[in-house]
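First up is the structure itself, then whatever we jot down about it.
The values are calculated or read from the model by the stated rules, or taken from the named source; none is laboratory data. Note that the structure is a prediction, hence the values are computed from the model and not measured. All Cβ positions, glycine included, derive from the backbone under ideal geometry; neighbour counts span all protein chains shown.
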Amino acid sequence: MKTTLFAIALAVSCTVPNAFGQGAAVIIKQRAKETAGRPPTPSPAPAAQPSATGAVSPQTASAQPNVSKLISDLASIKAKPQATAEQKEKLATNLAGVATGASKPSSEAVQALANTLADAMAGKKLAAADQAQLARDLGNALNAAVGSPQLAAAIQGVKDGLYLAGVNEAGIQAVAKALAGLSTKAK
C-alpha cells in the first residue's frame with residue numbers, strides 16, 4: 001500500500017512541473033505567432049530626464065539655446081570672485097530669453113534675480129553637470145505657473161544647485177525669494 005502511494009506521488013511530482021513547463025512554452029509560442037503577423041510597433045520616445053528633484057523638464061526646443069547660454073553665463077560668473085555689471089546684464093538677458101510662457105516675468109524682476117544669482121554664484125565651484133542642472137531648473141522656474149508643483153520643484157532644484165556650489169544659506173534664500181518674486185510680477 002505504501003509503495004503504491006509512493007509510486008503515485010512520484011508520478012504526480014514528475015509530471016506536474018513538466019506540465020507547467022509545457023504550458024509556459026505553449027503560451028510563448030502562441031504569443032510569438034500572434035505578434036508575427038503584426039507590423040513592428042515603434043518603441044516609445046524616451047521620456048525627458050528627470051531632474052535631481054524628480055521633476056521633468058518642460059523646456060521647449062526654442063528655449064534650449066538660451067539654457068545653453070545660461071550655462072555659459074554661470075561658468076563665467078563662478079570663475080571670478082565677484083560678478084561684474086556686464087555679467088549680470090548678460091545673465092538677465094539670457095534669463096529673460098528662457099522665459100517662453102504667455103506671462104513672462106517683468107524685466108525688473110529678472111534683473112533682480114540675475115543680480116542676486118550672480119552675487120551668490122561668484123567665485124563658487126560647481127561641477128559642469130550640476131551647473132547644467134541649475135540652468136535647467138532656472139528655466140523651469142521661469143516657465144512654471146504660479147503656485148504649481150513645477151515651480152516649487154524648480155525652486156528646490158535651484159536651491160539644491162546653489163547648496164552644491166557652496167553658497168551660504170542667506171544667498172540661497174535670497175535667490176529663492178527672487179525666483180518666487182518672478183511669478184508675482186508678470187508683465
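So that you can scan it fast, the table gives a plain yes or no per residue for (1) within 19 Å of residue 161 (Cβ to Cβ); (2) aliphatic (A, V, I, L, M); (3) buried (at least 18 other Cβ atoms within 10 Å of the Cβ); (4) within 25 Å of the chain's Cα centre (by Cα):
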site	(1), (2), (3), (4)
75	yes, yes, no, yes
79	yes, yes, no, no
82	no, no, no, no
93	no, no, no, yes
96	no, yes, yes, yes
100	no, no, no, yes
105	no, no, yes, yes
108	no, no, no, no
Subset of segment 135-170, residues surrounded by 20 or more Cβ atoms within 10 Å (Cβ to Cβ), within 19 Å of residue 125 (Cα to Cα) and not basic (Lys, Arg), comes to 135, 137, 138, 157, 158, 161, 162, 165, 167
Please find, within segment 140-154, the residue that is modelled with the lowest pLDDT out of those that are of a type in the set (A, V, I, L, M, F, W, C) and farther than 16 Å from residue 98 by Cβ.
-> 146
Output the qualifying pairs, or none if there are none: Cβ atoms under 6 angstrom, residues six or more apart or on different chains, first residue in segment 145-167 and part of a loop (DSSP other than H, G, I, E, B), second residue crowded, with 17+ Cβ neighbours inside 10 Å and of a type in the set (S, T, N, Q).
-> 146/183
List every residue pair whose Cβ atoms sit under 6 Å apart, with the two residues 6 or more apart in sequence or on different chains, where the first one lies in segment 89-113 and is at positive phi and the second, anywhere, is in a loop (DSSP other than H, G, I, E, B) and modelled with pLDDT under 90.
-> none
Residues that are modelled with pLDDT of 90 or more and either among the aromatic types (Phe, Trp, Tyr) or more than 13 Å from residue 113 (Cα to Cα) (or both), drawn from segment 168-187 | 168, 169, 170
Go through segment 69-118 and count every residue that is outside any loop (DSSP other than H, G, I, E, B) and in contact with a helix residue (DSSP H, G or I) (Cβ under 8 Å, 6 or more places away or on another chain).
-> 32
Which numbered condition residue 125 misses (of (1) modelled with pLDDT under 80; (2) loosely packed, with under 13 Cβ neighbours inside 10 Å; (3) assigned to a loop (DSSP other than H, G, I, E, B)) = (1)
